[in-house]
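These notes are about the structure you will find just below.
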Amino acid sequence: MDERIETEKDDKVQAEEKTGKTSGRVRLKKIVYSAVFLSLAMVLPFFTGQMQIFGKSLSLMHVPVFLCGMICGGGWGMLVGFIAPTLRSLIFGMPPLYPNAVVMSFELCAYGAVSGFLYGLLYKKKGGIFISLIAAMLIGRLVWGLASLIFWSFAGKTFTFYLFIKGAFIDAFVGIILHLIIVPAIVKALEKANLLLLNKNE
């Protein structure tokens with residue numbers, strides 16, 4: 001009887017150790033993935049920076065943030081989204097730190113958080129990735145508008161409803177279409193390769 005109890009205890013300890021090791025590996029992978037997505041957010045805007053017409057509207061910095069949220073989870077997407085614009089401004093001088101980069105930090109933070117949270121709930125449902133992405137785009141743009149209203153006023157500038165519609169939808173139209181095409185395609189490819197870390201315990 002005592003031997004049986006000891007065996008059960010040993011099995012339980014081994015299972016806990018195995019779970020702990022697996023959890024640590026998942027966390028390490030999420031850290032590495034997030035660092036890669038942050039690096040991409042730093043670099044990708046260089047590829048379109050010289051394009052006078054569509055360069056700015058493509059918003060390539062947004063793509064790694066959406067991916068980070070959907071692949072690593074909302075918390076990691078939120079973190080990368082919040083850091084990326086300000087860090088890029090401090091290192092490369094673009095976007096301008098205040099109010100642009102500060103406002104973008106809140107916007108991208110919302111993109112990463114919402115895309116990751118919703119996709120964690122809907123990833124098994126048909127069309128879940130598009131629902132998550134579109135919802136994140138809308139909420140992120142609302143956050144951008146609210147942050148712009150606040151921080152522009154601190155800078156002595158006026159942020160109007162027209163500027164919100166123009167910046168959030170009209171000027172960003174090409175980027176919105178691009179994101180709706182490439183983000184789901186990349187996420188699905190990584191999912192098939194079993195590289196999705198969403199909903200895996202840390």
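Could you pull out the residue among GLY75, GLY175 that is surrounded by 14 or more Cβ atoms within 10 Å (Cβ to Cβ) and over 12 Å from the mean Cα position of the chain (by Cα)?
Numbers: GLY75 fails: over 12 Å from the mean Cα position of the chain (by Cα).
None of the other options fit; the residue is GLY175.
Going by the conditions given, is ALA172 farther than 15 Å from PRO99 by Cβ and touching a Ser or Thr at 6+ places or on another chain (Cβ under 6 Å)? Let's see the steps before the verdict.
Working: farther than 15 Å from PRO99 by Cβ: yes; touching a Ser or Thr at 6+ places or on another chain (Cβ under 6 Å): yes.
So ALA172 passes the test.
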Contacts under 7 angstrom Cβ, first residue in region 120-139 being farther than 17 Å from LYS192 by Cβ, partner surrounded by fewer than 16 Cβ atoms within 10 Å (Cβ to Cβ) and among the polar types (S, T, N, Q), 6 or more apart: GLY120/ASN199
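What is the residue count in region 177-202 for residues that are outside any helix (DSSP H, G or I) and of a type in the set (Gly, Ala, Ser)?
Just the residues of region 177-202 that are outside any helix (DSSP H, G or I), to begin with: 193-202.
Okay, now just the ones that are also of a type in the set (Gly, Ala, Ser), so 193.
Within region 177-202, residues that are outside any helix (DSSP H, G or I) and of a type in the set (Gly, Ala, Ser) number 1.
Which residue, of LEU121, LEU44, LEU58, LEU90, is under 14 Å from HIS179 (Cα atoms) and either among the acidic types (Asp, Glu) or surrounded by fewer than 18 Cβ atoms within 10 Å (Cβ to Cβ) (or both)? Give the derivation first.
Details: LEU121 fails: under 14 Å from HIS179 (Cα atoms); LEU58 fails: either among the acidic types (Asp, Glu) or surrounded by fewer than 18 Cβ atoms within 10 Å (Cβ to Cβ) (or both); LEU90 fails: under 14 Å from HIS179 (Cα atoms).
Residue meeting the stated conditions: LEU44.
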Qualifying residue in region 140-153 (condition: surrounded by 13 or more Cβ atoms within 10 Å (Cβ to Cβ), in contact (Cβ under 8 Å) with a residue 60 or more places away in the chain, among the hydrophobic types (A, V, I, L, M, F, W, C) and touching a Phe, Trp or Tyr at 6+ places or on another chain (Cβ under 9 Å)): no
Boolean, SER153 is modelled with pLDDT of 95 or more and of a type in the set (Ser, Thr, Tyr): no
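The values are calculated or read from the model by the stated rules, or taken from the named source; none is laboratory data. Since the model is a prediction, treat every value here as computed from it, not as a measurement. Virtual Cβ from ideal backbone geometry, glycine too; neighbours counted across all protein chains shown.
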